[in-house]
Amino acid sequence: MAEHTPGIGRRTAAVVAVAAMLPYLTLKVLWLAGSPIGVSDPDLMSDPAMAGLNAMTFGMDAVGLVLATAFTMSWGARLPAWLVLLPLWVGTGLLSVVAVSAPIVVAAAGTAVFAGGPIEPWVYLMVYGGFVGQGAGLMTAFALYARDRWPAVFTTGVCHAFPSPTRSLQAVVAWGALPVAALIGGVRLWWVFDGPVAAAVQNGFKGLLAIGGAAALVAVVGRWGRGPFWRPLVLAWLGSGSLFAWGLYAMIVRSAGGPLSAGAGGAADFVELFGLLAGLVMGMCGAFLLAERSGVGDVQPVQEPLEGDDRERDRRAAYHGHR
């Protein structure tokens, strides 16, 4: 199997992602070690539920750091596809919402929106600022990595025909998920008009992602349209990932109890649960589709200015299958 040297664009994006992760990881280590830095209530971090959630989120970000590093190394192209795609699907589902909503919230309400809680406002600014940089860097590095490893995704159209033994099942699943995701998205859009600005912005974007992602999945399964395949795939990827990841996170927080679960319950729990299930079903449908589409013939991707002249070396590792 041929190896390659990643281009400057992918390296730069991965470095940005890693640099944005380090403050968050450092803060989590300090909290797990018992430090009260950035916390106005010393008892908060001594709660067992908070310790468990801090350990979980530290592990999630550590996985992101490993993947960002893999995108800059030749051995990253040899990783099994599921080992790359599954954590990136969950991670981008979480980060896309934060990366879009955090700047809007700060622009609309200022930094005062973070005041008044047990966590110091500067912590929120550091953490959410890091998430924005991490999301932008990681998603860019992943897109460039995926373009080299699976070029057919970027060089074929939505309507491109290929053998698909499970296409009828995919159609049933995609159409079945659409009304559920539309209902969840509609409820979240309704919540935009009832609640603080931070929750309203997040609910609005989550609602749009849920509806758009489900519609995009129907389009890629049905092979509707004449544009490139990657465009609806991105929306289906982020929509399903957002539903699953945020639903899973909410269910874990509810189950763990502790300060973060205060005020939860009622309709919100049902929305998160059905979002988790809908996202899981949509993700599995997409996995079947991508696995069957991995044999589609392709042409070499066009030169991108971001990658530079050494893209010729990158193309030697343009593997054509979803391994």
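(1) touching a Pro at 6+ places or on another chain (Cβ under 8 Å); (2) of a type outside the set (Asp, Glu); (3) outside the structural domain of PRO87 (by TED's automatic domain parsing); (4) in contact (Cβ under 8 Å) with a residue 24 or more places away in the chain: which one isn't true of ALA216, the others all being true?
(4)
Would you be able to tell me the number of residues in the range 33-54 that are in contact (Cβ under 8 Å) with a residue 60 or more places away in the chain and part of a helix (DSSP H, G or I)?
Narrowing the range 33-54 to residues in contact (Cβ under 8 Å) with a residue 60 or more places away in the chain: 38-41, 44, 47-50, 52-53.
Filter once more, keeping what is part of a helix (DSSP H, G or I): 44, 48-50, 52-53.
So the answer is 6.
Those residues that are farther than 27 Å from PRO87 by Cβ and loosely packed, with under 14 Cβ neighbours inside 10 Å, I need them from the range 35-60; list them, please.
Selection gives SER35, ILE37, SER40, ASP41, PRO42, ASP43, SER46.
Inspect the range 55-78 for any residue being of a type in the set (Asp, Glu), touching a residue at least 24 places away in the same chain (Cβ under 8 Å), assigned to a loop (DSSP other than H, G, I, E, B) and not assigned by TED's automatic domain parsing to the domain that holds ALA287 and give the result as yes or no.
no
Among the numbered conditions (1) touching a Gly at 6+ places or on another chain (Cβ under 9 Å); (2) surrounded by 15 or more Cβ atoms within 10 Å (Cβ to Cβ), tell me where LEU178 comes up short.
Unmet for LEU178, out of (1) touching a Gly at 6+ places or on another chain (Cβ under 9 Å); (2) surrounded by 15 or more Cβ atoms within 10 Å (Cβ to Cβ): (1).
Taking SER164 and the conditions (1) under 23 Å from the mean Cα position of the chain (by Cα); (2) polar (S, T, N, Q); (3) outside any helix (DSSP H, G or I), which numbered condition does it fall short on, given that it satisfies the others?
Failing condition for SER164: (1).
What is the residue count in the range 231-258 for residues that are surrounded by 20 or more Cβ atoms within 10 Å (Cβ to Cβ), hydrophobic (A, V, I, L, M, F, W, C) and in contact (Cβ under 8 Å) with a residue 60 or more places away in the chain?
7
If we scan the range 84-105, do we find a residue that is of a type in the set (S, T, N, Q) and over 24 Å from GLY195 (Cβ atoms)? Break it down stepwise before answering.
Going through the range 84-105, the residues of a type in the set (S, T, N, Q) turn out to be 92, 96, 101.
Keeping just the survivors that are over 24 Å from GLY195 (Cβ atoms) gives 92.
The answer is yes; a qualifying residue exists.
Working carefully through the options LEU208, LEU235, find the one that is modelled with pLDDT of 95 or more, aliphatic (A, V, I, L, M) and either assigned by TED's automatic domain parsing to the domain that holds ALA107 or more than 27 Å from PRO163 (Cβ to Cβ) (or both). Give the derivation first.
On the way: LEU235 fails: either assigned by TED's automatic domain parsing to the domain that holds ALA107 or more than 27 Å from PRO163 (Cβ to Cβ) (or both).
It is LEU208.
Filter the range 220-229 for residues that are in a helix (DSSP H, G or I) and surrounded by fewer than 19 Cβ atoms within 10 Å (Cβ to Cβ) and give the result.
GLY222
Would you pick out the residues in the range 148-184 that are among the polar types (S, T, N, Q) and in contact (Cβ under 8 Å) with a residue 12 or more places away in the chain? Talk me through it step by step, then tell me what you get.
Keep residues of the range 148-184 that are among the polar types (S, T, N, Q), which gives 155-156, 164, 166, 168, 170.
THR155, THR156, SER164, THR166, GLN170, listed by residue number.
The values are calculated or read from the model by the stated rules, or taken from the named source; none is laboratory data. Just so you know, these numbers come straight off a predicted model, no measurement behind them. With ideal geometry, Cβ positions are generated from the backbone for all residues, glycine too; neighbour counts draw on all protein chains shown.
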